[in-house]
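Here's the structure we're looking at; comments come further down.
What follows is calculated from the coordinates using simple rules that are stated; it is not laboratory data. Please read these numbers as outputs of a predicted model, since none were measured by experiment. Counting neighbours? That spans all protein chains shown, and the Cβs are built from the backbone with ideal geometry, glycine included.
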Amino acid sequence: MDITEIWPPYGVTITAGDLELKVAREGDIGELVDLVLDGIHAPEFMPFLFPWTDAPREEIPGNYVQYLARIVAGFSPNSFSLPFVVRRHGEALGIQGLEASSNFAITHTIETGSWLARRFHGQGIGTRMRQAVCAFAFDVLGAAEVTSGAFLDNGPSQAVSRKVGYRPNGFRRLERRGQLAQEQLLVLNEPDLVRGEPIRVTGADPLLAQLGLTTDAGTAANDG
Ligand SMILES: CC(C)(COP(=O)(O)OP(=O)(O)OC[C@H]1O[C@@H](n2cnc3c(N)ncnc32)[C@H](O)[C@@H]1OP(=O)(O)O)[C@@H](O)C(=O)NCCC(=O)NCCS
């Protein structure tokens with residue numbers, strides 16, 4: 001059997017224009033680690049709630065292996081993560097993730113999180129990949145809402161969320177590098193999604209079955 005038949009998340013492909021999104025697997029780790037080590041944010045700014053990029057440089061490759069292994073090991077309908085590797089013409093650019101933490105089949109709530117290698121920032125890719133996974137979440141997974149969050153001083157992330165149609169949904173007071181930082185919580189409902197290029201999705205039906213979801217939602221966008 002092919003691994004994509006064995007493990008449904010690996011069988012899903014989302015295409016949006018020249019971007020292709022597929023769930024990260026072992027064979028992607030080398031490229032992803034190269035992107036991370038090359039830099040995905042200014043060293044003086046921490047955009048992530050869990051400051052994984054602050055780990056010593058030599059620990060980051062092994063940490064990434066463990067991170068992806070934990071995602072596979074912990075995958076269940078109740079709690080799952082789909083870290084989509086975003087590629088353009090075959091080149092890995094970053095990750096656009098979708099994560100559900102409370103039985104998605106009941107809550108229909110899923111969260112986005114993303115990063116791009118710094119050299120790909122500011123070209124509209126962050127917006128396009130977010131539009132693509134939000135369309136996937138609503139049209140294929142049948143999400144009722146997509147949530148996100150970003151530190152108030154993360155201008156680009158806030159801008160992407162605003163452009164894609166998320167609305168503010170409160171704040172959280174968090175600790176970041178020993179200091180207080182406010183996180184802006186965000187929520188998006190399907191009518192507010194500012195859609196980008198049409199998405200094409202293949203291979204989603206086995207994932208929907210694995211997650212205990214019906215295949216009724218959004219079959220128009222899902223041809224397999
Ligand atoms: C967040 C991220 C994925 C956005 O990707 P991107 O491809 O650069 O985003 P886009 O080019 O589509 O859009 C960025 C928008 O931010 C705006 N922007 C850039 N710097 C900004 C700033 N300092 N303040 C406010 N807006 C800013 C840009 O003008 C653009 O908006 P526009 O298209 O209306 O002009 C990318 O910046 C990234 O990887 N950052 C590091 C990791 C991170 O912060 N992840 C999110 C954690 S919550």
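Annotations
- Residues that are surrounded by fewer than 18 Cβ atoms within 10 Å (Cβ to Cβ) and of a type in the set (Gly, Ala, Ser) within the stretch 66-96 comprise Ala69, Ala73, Gly74, Ser76, Ser79, Gly90, listed in sequence order.
- Considering the stretch 142-163, the residues that are under 14 Å from the mean Cα position of the chain (by Cα) and either under 28 Å from Leu208 (Cβ atoms) or β-branched (Val, Ile, Thr) (or both) include one that is surrounded by the most Cβ atoms within 10 Å (Cβ to Cβ), namely Val146.
- Residue list for the stretch 134-159, restricted to those being within 14 Å of the ligand (Cβ to nearest atom) and either over 15 Å from Gly97 (Cβ atoms) or free of Cβ contacts under 8 Å to residues at least 40 places away in the same chain (or both): Phe151, Leu152, Asp153, Asn154, Gly155, Pro156, Gln158, Ala159
To keep it simple, each residue is scored yes or no on (1) touching a residue at least 60 places away in the same chain (Cβ under 8 Å); (2) surrounded by fewer than 19 Cβ atoms within 10 Å (Cβ to Cβ); (3) over 21 Å from Leu141 (Cα atoms).
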| position | (1), (2), (3) |
| --- | --- |
| Ile6 | no, yes, no |
| Thr15 | yes, yes, no |
| Gly27 | no, yes, yes |
| Asp38 | yes, yes, yes |
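- Only one of the numbered conditions (1) more than 20 Å from Asp139 (Cβ to Cβ); (2) away from the ligand (no atom under 16 Å from the Cβ); (3) in contact with a Lys or Arg (Cβ under 7 Å, 6 or more places away or on another chain); (4) outside any helix (DSSP H, G or I) is violated by Tyr10, and that is (4).
- Which listed residue is under 17 Å from Gly126 (Cβ atoms) and in contact with a helix residue (DSSP H, G or I) (Cβ under 7 Å, 6 or more places away or on another chain), from Val201, Val194: Val194
- Those strands (runs of 3 or more DSSP E) of the stretch 163-203 in which 1 or more residues are of a type in the set (A, V, I, L, M, F, W, C) and either under 27 Å from Met46 (Cα atoms) or without any contact (Cβ under 8 Å) to a residue 24 or more places away in the chain (or both) occupy 167-176, 179-188.
- Within the stretch 111-133, being small (Gly, Ala, Ser), within 7 Å of the ligand (Cβ to nearest atom) and more than 17 Å from Asn189 (Cα to Cα) holds for Ser114, Gly122, Gly124, Gly126.
- Against the test of being small (Gly, Ala, Ser), farther than 26 Å from Leu141 by Cα and either out of contact with any Gly (no Cβ under 8 Å at 6 or more places or on another chain) or free of Cβ contacts under 8 Å to residues at least 60 places away in the same chain (or both), the options Gly94, Gly62, Gly90 yield a single qualifying residue, Gly62.
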